[in-house]
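Remarks on the structure that follows.
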């Protein structure tokens with residue numbers, strides 16, 4: 001009694017075949033994206049397949065600890081991936097990123113679950129897991145863009161920040177512009193998508209709900225809620241990770257630590 | 001009590017100690033000189049003195065105290081390190097001279113910008129720069145002109161000690177003499193001291209009145 005048309009496993013082959021055109025193009029023009037597309041595509045299929053299995057089990061059991069464990073696992077992977085995508089990173093950033101992304105995403109999900117949706121039970125995976133997933137995915141992008149911008153800005157060109165410090169700037173005065181830049185860059189995807197949402201792009205979640213048979217007006221309200229949650233999560237998480245990185249790369253004596261001290265290999 | 005003292009400083013790089021056992025004392029009027037071949041850690045020593053690099057071992061004392069925590073920005077405003085290629089921000093020379101007023105430590109210490117504006121012009125004139133130099137874009141300055149901006153910017157902040165890293169490396173002989181004159185005049189006019197890095201023996205003779213630190217050459 002589905003309100004929507006099933007996509008069968010075999011029919012997915014048609015969608016996959018669309019990628020082949022891109023692979024051919026890449027091979028002909030030697031763009032080198034063939035391998036990466038293949039790997040990313042394969043990962044996506046395997047990950048989603050596994051997720052489907054896990055979700056089905058979690059949804060059926062609907063017990064709190066299982067939902068929590070899945071949420072933490074998703075948060076951990078998101079936090080680590082966010083840091084791994086930056087061009088400069090130091091080991092401690094992984095922990096910072098995981099702690100921040102889990103805290104903010106859980107907090108925002110908690111607010112919306114307790115204050116807006118109020119499902120029973122409160123940890124109902126049907127609501128909690130998709131919300132959490134969307135927040136984590138967006139926070140991941142924000143963190144990696146922001147952190148990359150911040151560390152590149154400060155550490156690739158130390159002369160600027162150290163020039164400020166030498167003139168008597170505090171570490172905050174020396175780094176403030178870079179922090180601001182990091183936040184601006186980290187929020188670009190979120191802000192851009194909000195600007196054109198509904199005009200250029202039909203948001204994924206809303207599309208999904210409509211495909212699943214929800215009334216567009218309901219889907220729109222869900223989408224608006226989710227976008228506010230995303231914006232709040234991305235800005236808080238990007239700010240949090242950037243500030244923790246700031247605290248790690250500067251000492252309380254207003255000194256910018258060397259790459260060696262931070263465990264960074266700069267080329 | 002010396003204005004700036006360093007006791008048994010050591011700097012260790014992954015490859016080993018680059019220098020060790022450096023002791024230095026700068027009192028009012030002292031004009032110490034730091035020499036040594038390239039790569040012997042002269043800049044590292046200046047950076048360590050003003051706390052931009054980690055102290056491997058030893059102590060740095062400013063008027064008898066080790067600067068820590070909140071005191072460090074104020075310490076750096078008083079013991080001012082001028083890099084060999086000073087930081088220039090986009091904008092005019094004037095913007096670059098005004099750069100430090102963004103920082104709390106200078107906002108507190110300075111009041112009359114007009115007075116400073118005049119003083120900047122005087123200093124630049126003494127070094128042989130025309131009045132419209134202040135309006136030049138920093139992006140078109142030569143390496144030597146950048147050094148002049150760095151030194152004048154530092155002098156305008158009334159530091160107690162100047163740590164100059166080969167301040168005339170990119171200057172012609174005439175301008176070099178003028179810069180020396182301005183800096184030596186500054187150091188003679190109060191409770192001030194100077195540490196000057198140089199490769200040029202003749203310049204060392206002209207500048208030095210006080211200790212000389214020689215880096216490198218020791219196996």
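Above 24 angstrom, tally the Cα pairs of chain A and express them as a % of all pairs, no decimals.
Values: 21041 of 35511 pairs.
Value for chain A: 59 percent of Cα pairs lie more than 24 Å apart.
Over region A:63-266, what is the mean sequence separation of C-alpha contacts under 8 Å (at least six apart), divided by residue count, expressed as relative contact order in percent? Let's see the in-between values first.
Numbers: 224 pairs, mean separation 58.6, N = 204.
It comes to 29 percent, rounded to a whole number.
Hey, what number do you get for chain B at 222 nm if only DSSP H runs of n ≥ 4 count, each worth -39500 (n - 2.57), divided across all residues, to the nearest 500?
So the calculated ellipticity at 222 nm is -10500 deg cm²/dmol.
As I understand it, the value is the acute angle between the Cα axis of helix A:125-151 and the longest principal axis of the Cα atoms of chain A; what does it come to in degrees, rounded to 10?
Helix A:125-151 sits roughly 30 degrees off the main axis of chain A.
Given 0.36 nm per residue, what is the gain on full extension from residue A:31 to residue A:201 after removing their alpha carbon distance, in nm?
58.4 nm
Out of all DSSP beta bridges in chain B, what portion is antiparallel? Express it as a percent rounded to 5.
50
What does the C-alpha gyration tensor say about the overall shape of the protein assembly as shown? Classify as rounded when a/c is under 1.5, otherwise prolate if a/b is larger than b/c, or oblate.
Numbers: a/c = 2.62, a/b = 2.54, b/c = 1.03.
Verdict is prolate for the protein assembly as shown.
Based on alpha-carbon centroids, what's the gap between region B:58-84 and region B:151-177 in Å, whole number please?
19
Could you work out the pair-distance distribution P(r) of region A:135-216 from its alpha-carbon pairs, with 10 angstrom bin width and percents rounded to whole numbers?
Pair shares across the bins are 17, 31, 23, 15, 9, 4, 0.
Sorted by average packing, counted as other Cβ atoms within 10 angstrom per residue and highest first, what order do A:160-173, B:80-93 take?
Top of the packing list down: A:160-173, B:80-93.
Per-residue mean of other chain beta-carbon atoms within 10 angstrom of the beta-carbon, peptide A:49-62?
Working: counts 0, 0, 0, 0, 0, 0, 0, 0, 0, 0, 0, 0, 0, 0.
Average per residue, whole number: 0.
Taking the Cα centroid of region A:205-265 and of region B:1-41, what is the distance between the two, rounded to the nearest whole Å?
46
Quick check: pseudo-label points 7 Å beyond the Cα along Cα→Cβ at residue A:61 and residue A:218, how many nm apart are they?
2.9
Ranking request for peptides A:221-228, A:30-37: highest mean number of other beta-carbon atoms within 10 Å first, then the rest in descending order. Intermediate values should be presented prior to the final figure.
Working: A:221-228: 16.6, A:30-37: 11.9.
Descending mean neighbour count gives A:221-228, A:30-37.
By how many degrees, 0 to 90 and rounded to 10, does the Cα axis of helix B:113-127 deviate from the longest principal axis of chain B?
80
Quick one: give the max-minus-min coordinate of the C-alpha atoms of region A:1-61 along each principal axis, largest first, in Å.
Computed over the Cα atoms, the extents are 49, 23, 14 Å.
Given a Förster radius of 30 Å and the C-beta distance between residue B:20 and residue B:184 as r, what FRET efficiency does 1/(1 + (r/R0)^6) yield to the nearest 0.05?
0.45
Would you mind getting me the FRET efficiency between residue B:28 and residue A:95? Use the beta-carbon distance for r and R0 = 51 Å, nearest 0.05.
That gives a FRET efficiency of 0.55.
Of the beta bridges DSSP finds with both residues in the protein assembly as shown, what % are antiparallel, to the nearest 5?
If I count the DSSP bridges inside the protein assembly as shown, around 50 percent turn out antiparallel.
Evaluate the Kirkwood expression for the hydrodynamic radius of chain B, namely the inverse of the mean inverse distance over all pairs of different C-alpha atoms, and round to one decimal in Å.
17.8
With everything on Cα atoms, drop me the angle between helix B:143-156 and the longest principal axis of chain B, reported from 0 to 90° to the nearest 10.
Orientation of helix B:143-156: about 90 degrees from the principal axis.
Under a plain spin-label model, where a point goes 7 Å from the Cα along Cα-to-Cβ, how far apart in nm are residue B:125 and residue B:13?
Between residue B:125 and residue B:13, the simple spin-label model gives 4.5 nm.
Relative to the present Cα-Cα distance, how much length would full extension add between residue A:126 and residue A:211 at 0.36 nm per residue of separation?
Value of the extension gain: 28.9 nm.
What is the mean number of Cβ atoms from other protein chains located within 10 Å of the Cβ atom of each residue in peptide A:253-262, rounded to a whole number?
Across A:253-262, the average partner-chain Cβ count within 10 Å equals 4.
Along each of the three principal axes of the Cα atoms of region A:47-199, give the extent in whole Å, ordering the values from largest to smallest.
62, 37, 26
Values in this text are rule-based calculations from the coordinates and carry no lab data. This one's a predicted model, so the numbers in the text were calculated from it and none came from an experiment. When we count neighbours, we look across all protein chains shown, and the Cβ atoms used for this are built from the backbone with ideal geometry, even at glycine.
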